[in-house]
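J.: The structure that follows is given in the form of structure tokens.
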Amino acid sequence: MATKILTEHINVPGIETFDVYRKQGGYTAVEKAIKTMTPEAIVEEVKKAGVRGRGGAGFPMGMKWSFLAKPEGVPRYLVCNADESEPGTFKDHYLMKNIPHLLIEGMIISSFALGANKSFIYVRGELMYVIHILEKAIAEATAKGFLGKNILGSGYDLELVVQPGGGAYICGEETALLESLEGKRGNPRNKPPFPAVKGLYQSPTVVNNVESIATTPWIVNNGGDAYAGVGIGRSTGTKLISASGHINKPGVYEIELGVPVEDFIYADEWCGGIRPGHKFKALVAGGSSVPILPANLALTLANGEKRLMSYESLSDGGFATGTMLGSGGFIVFDETSCIVRNTWNFSRFYHHESCGQCSPCREGTGWMEKVLHRIEHGHGHQQDIDLLVDVARKIEGNTICPLGDAAAWPVASAIRHFRDEFQWHIDNPAEATQPGAVYRGDMALV
């Protein structure tokens with residue numbers, strides 16, 4: 001059986017309550033951490049585990065913790081990024097809704113390790129019912145002595161606050177999240193200084209994703225080496241994957257990193273294959289911001305080896321033939337999907353969600369949406385495809401935060417791999433604008 005680090009008990013009836021969670025071994029990691037371990041020892045175990053940030057960037061969490069400045073007399077903060085606004089990604093929502101005490105336990109351990117006495121969970125505002133679930137779990141943990149003053153008689157205090165976000169995608173970027181948390185407009189900050197030095201209220205701050213923080217109870221109980229023994233290479237541990245699209249079994253799956261992409265799509269244990277009567281056309285592997293791949297490159301590397309569900313394997317070949325694991329938003333497209341329409345839809349999202357602070361992103365996302373709109377709606381010009389590539393190139397790498405890259409990569413990769421489909425829309429506007437019309441040319445279907 002595959003190792004389940006986060007979801008082993010998620011289907012136990014009543015697991016969202018303190019008492020049931022406790023019966024399944026919940027909060028034993030808090031007891032172990034606070035009573036028998038130093039903060040430095042916990043950080044060391046997380047570094048040994050090699051767990052990489054599960055919000056999309058994949059930066060080693062233990063290393064991020066070790067960067068935290070510790071000036072005398074200055075408070076330190078831990079902020080959990082539960083904004084989860086990436087299209088195609090819903091695994092943090094799944095965790096918080098079904099097993100909230102796992103996140104609360106992870107927050108206590110992580111806050112203790114970082115020396116934070118006040119920590120925050122910043123949740124996307126539309127998920128108000130999830131916020132209520134978390135607040136109830138916090139109240140239960142407080143009543144049982146695991147939060148508040150003098151936790152378990154250790155002398156350690158922790159106040160945990162759930163903060164609703166304003167529903168802006170940009171607030172998933174850590175510095176924009178901190179601005180929002182301070183009550184300001186969610187615009188990203190220039191870095192340096194980094195949050196580890198000057199973050200929330202200009203104090204040292206660590207920002208981690210829900211899934212990342214939820215790994216810490218298992219790491220404390222089982223050790224960093226045991227966690228590192230799961231997965232493959234530098235892609236250690238397990239990963240929650242939000243699987244959607246034209247598959248038989250959409251949902252959230254916990255996999256050991258290193259599973260072949262082909263197995264994940266076709267095995268009954270996970271996605272259960274492409275819907276009956278259809279073939280695999282394309283894949284967005286890590287949320288809408290990562291490059292799209294045609295079916296053949298999604299399943300195999302350029303050298304013919306099977307592509308794996310890992311940070312390294314998915315990125316193999318760079319953006320020419322690879323993509324990114326990102327946040328794990330796994331979207332599968334069959335041959336009925338129009339790549340132009342899908343790319344336009346993504347561009348609409350990024351144009352709408354741009355904070356407008358950087359000119360390349362503010363103006364470029366708007367132009368990409370407009371050009372894609374006219375191609376999709378039968379008014380495309382012959383120069384439009386190269387124009388899109390040029391605009392994407394001028395956005396990428398020229399903005400304060402990664403939203404510009406997130407907007408540019410889907411467009412550039414769609415044209416890189418499906419240029420014939422864009423050209424067909426321009427050459428055949430009457431046919432392309434018919435309801436349900438899809439390019440049926442030379443597609444590499446599987």
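The values are calculated or read from the model by the stated rules, or taken from the named source; none is laboratory data. All figures in this text were calculated on a predicted structure; none of them were measured in a lab. With ideal geometry, Cβ positions are generated from the backbone for all residues, glycine too; neighbour counts draw on all protein chains shown. Please note that ligands, DNA and RNA were not included when accessible areas were found on the heavy atoms of the full protein model with its side chains. Shrake-Rupley method; radii C 1.70, N 1.55, O 1.52, S 1.80 Å.
J.: Hey, can you tell me all the residues within the range 83-109 that are part of a loop (DSSP other than H, G, I, E, B), touching an Asp or Glu at 6+ places or on another chain (Cβ under 9 Å) and not hydrophobic (A, V, I, L, M, F, W, C)? Quick ask: steps written out before the conclusion?
T.: Going through the range 83-109, the residues part of a loop (DSSP other than H, G, I, E, B) turn out to be 83-90, 99.
Among the residues that remain, those that are also touching an Asp or Glu at 6+ places or on another chain (Cβ under 9 Å) are: 83-85, 90, 99.
Those that are part of a loop (DSSP other than H, G, I, E, B), touching an Asp or Glu at 6+ places or on another chain (Cβ under 9 Å) and not hydrophobic (A, V, I, L, M, F, W, C): ASP83, GLU84, SER85.
J.: What's the number of the condition LYS47 fails, among (1) of a type in the set (Lys, Arg); (2) farther than 20 Å from CYS80 by Cα; (3) in contact (Cβ under 8 Å) with a residue 12 or more places away in the chain?
T.: (2)
J.: Follow-up question, since we're still on this one. Need the failing condition index for ILE170 against (1) open to solvent by 50 Å² or more (accessible area, probe 1.4 Å); (2) touching an Asp or Glu at 6+ places or on another chain (Cβ under 8 Å); (3) among the β-branched types (Val, Ile, Thr), just the number.
T.: Condition (1) is where ILE170 drops out.
J.: Taking only pairs six or more apart or across chains, which ones have beta-carbon atoms under 6 Å, a first residue in the range 376-389 that is more than 20 Å from GLY404 (Cβ to Cβ), and a second residue that is open to solvent by 20 Å² or more (accessible area, probe 1.4 Å) and of a type outside the set (Val, Ile, Thr)?
T.: Once the first residue is more than 20 Å from GLY404 (Cβ to Cβ) and sits in the range 376-389, its partners that are open to solvent by 20 Å² or more (accessible area, probe 1.4 Å) and of a type outside the set (Val, Ile, Thr) give GLU376/ARG341; GLU376/TRP344; GLY378/PRO429; GLY380/ARG374.
J.: Tell me whether the range 63-82 contains one or more residues that are touching an Asp or Glu at 6+ places or on another chain (Cβ under 9 Å), assigned to a helix (DSSP H, G or I), under 30 Å from TYR350 (Cβ atoms) and in the same structural domain as LEU178 (by TED's automatic domain parsing).
T.: no
J.: Out of curiosity, is VAL30 in contact with a helix residue (DSSP H, G or I) (Cβ under 9 Å, 6 or more places away or on another chain), open to solvent by 10 Å² or more (accessible area, probe 1.4 Å) and β-branched (Val, Ile, Thr)?
T.: So VAL30 does not fit the description; no.
J.: A further question on this structure: Go through the range 149-181 and give me each residue that's in a loop (DSSP other than H, G, I, E, B), over 18 Å from the mean Cα position of the chain (by Cα) and of a type outside the set (D, E, K, R).
T.: Passing the criteria: ASN150, SER154, GLY155, TYR156, GLY166.
J.: Kindly provide the set of residues from the range 202-225 that are open to solvent by 40 Å² or more (accessible area, probe 1.4 Å) and either in contact (Cβ under 8 Å) with a residue 40 or more places away in the chain or in a strand (DSSP E or B) (or both), ordered by number. Please lay out each step first, then the result.
T.: The first filter runs over the range 202-225 and keeps only residues open to solvent by 40 Å² or more (accessible area, probe 1.4 Å), leaving 202, 218, 221-222, 225.
Of everything in the range 202-225, those that are open to solvent by 40 Å² or more (accessible area, probe 1.4 Å) and either in contact (Cβ under 8 Å) with a residue 40 or more places away in the chain or in a strand (DSSP E or B) (or both) turn out to be TRP218, ASN221, ASP225.
J.: Going by what's in this entry, would ARG416 be described as farther than 26 Å from CYS355 by Cα and either touching an Asp or Glu at 6+ places or on another chain (Cβ under 7 Å) or open to solvent by 50 Å² or more (accessible area, probe 1.4 Å) (or both)?
T.: Here the answer is yes, as ARG416 does meet what is asked.
J.: Still on this model: Enumerate the strands (runs of 3 or more DSSP E) found wholly within the range 236-332, keeping only those where 1 or more residues are open to solvent by 20 Å² or more (accessible area, probe 1.4 Å).
T.: Here the list reads 238-245, 251-256.
J.: How many residues does the range 388-397 hold that are surrounded by fewer than 22 Cβ atoms within 10 Å (Cβ to Cβ) and under 25 Å from LYS281 (Cβ atoms)?
T.: Residues in the range 388-397 being surrounded by fewer than 22 Cβ atoms within 10 Å (Cβ to Cβ) and under 25 Å from LYS281 (Cβ atoms): 1 in total.
J.: Going through LYS4, LYS48, LYS32 one at a time, which residue ends up being in a helix (DSSP H, G or I), within 19 Å of LYS239 (Cβ to Cβ) and either at pLDDT 95 or above or not hydroxyl-bearing (Ser, Thr, Tyr) (or both)?
T.: None of the other options fit; the residue is LYS48.
J.: Based on this model, can you work out whether GLU86 counts as open to solvent by 20 Å² or more (accessible area, probe 1.4 Å), more than 23 Å from ASN150 (Cβ to Cβ), acidic (Asp, Glu) and in contact with a strand residue (DSSP E or B) (Cβ under 6 Å, 6 or more places away or on another chain)?
T.: On the way: open to solvent by 20 Å² or more (accessible area, probe 1.4 Å): yes; more than 23 Å from ASN150 (Cβ to Cβ): yes; acidic (Asp, Glu): yes; in contact with a strand residue (DSSP E or B) (Cβ under 6 Å, 6 or more places away or on another chain): yes.
Yes.
J.: If GLU126 meets every condition in (1) open to solvent by 20 Å² or more (accessible area, probe 1.4 Å); (2) part of a helix (DSSP H, G or I); (3) not aromatic (Phe, Trp, Tyr) apart from one, which number is that one?
T.: (2)
J.: Additional query: Mind listing whichever residues of the range 184-201 are within 21 Å of GLY62 (Cβ to Cβ) and surrounded by 16 or more Cβ atoms within 10 Å (Cβ to Cβ)?
T.: PHE194, PRO195, ALA196, VAL197, GLY199, LEU200
J.: Here is a check on your reading of the model: is ILE400 open to solvent by 30 Å² or more (accessible area, probe 1.4 Å), touching a residue at least 12 places away in the same chain (Cβ under 8 Å), of a type in the set (A, V, I, L, M, F, W, C) and touching a Pro at 6+ places or on another chain (Cβ under 7 Å)?
T.: Criteria met by ILE400.
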